[in-house]
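One structure, pasted below without further comment.
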Amino acid sequence: MRWARFLFPDDKAGKLAVMRFKTLFAAMLMAFVIYGIFHWVLWPVQILGDSMLPNYHAGERHYINKLAYLSDKPQRGDVVGVQVSSEDTYIKRIVGLPGEEISFTNGVVFINGSLLKEDYLETQVPWEIEIVHLGSDTYYVMGDNRTVSVHGKVRIDQIVGKVVF
């Protein structure tokens, strides 16, 4: 406050300068916090393609919570962002967990020989996949629209976070 009085002998001008400085500082702090949230915590993504229909549509914007799995592990049914290259992140649903055996018969998913109930699907595609064994740090992910979806095993370090909204 003393520096303001030195620069602005008039008391009103000094108070005004201090108020402007505080406002500027608060605005910069708020901008940094918002930047941090959207850079390190909530990552905005846009759905491209139809692999997650009918639950996620092309062009929709969602957010991936990058901190979702710091204290918990991904669970079956979670919709996650999967880093497939330095430029591409896919949105997929976890169907298989580490240590499980997953197979597909007539488009139906079996986990360790038991039928997986998938209420989020509208249609099934009659395809077959032999038993896939998942390692201790491996998950199996698929899109909800099985007719066009890419699916397969992913390592835990490829999972960016959980789609939250």
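Quick one: which of Gly36, Gly49 is in contact (Cβ under 8 Å) with a residue 24 or more places away in the chain and either under 17 Å from Lys92 (Cβ atoms) or not acidic (Asp, Glu) (or both)?
That would be Gly49, the only listed residue that is in contact (Cβ under 8 Å) with a residue 24 or more places away in the chain and either under 17 Å from Lys92 (Cβ atoms) or not acidic (Asp, Glu) (or both).
Being assigned to a loop (DSSP other than H, G, I, E, B), in the same structural domain as His57 (by TED's automatic domain parsing) and surrounded by fewer than 18 Cβ atoms within 10 Å (Cβ to Cβ) is true for just one of Val150, Val132. Which residue is that?
Val150
Are any residues in the range 49-98 of a type in the set (A, V, I, L, M) and assigned to a strand (DSSP E or B), and if so, which ones?
Across the range 49-98, the qualifying residues are Ile64, Val79, Val80, Val82, Ile91, Ile94, Val95.
Pro126 - would you say it is assigned to a loop (DSSP other than H, G, I, E, B) and without any contact (Cβ under 8 Å) to a residue 40 or more places away in the chain?
It is true that Pro126 is assigned to a loop (DSSP other than H, G, I, E, B) and without any contact (Cβ under 8 Å) to a residue 40 or more places away in the chain.
The values are calculated or read from the model by the stated rules, or taken from the named source; none is laboratory data. All figures in this text were calculated on a predicted structure; none of them were measured in a lab. All Cβ positions, glycine included, derive from the backbone under ideal geometry; neighbour counts span all protein chains shown.
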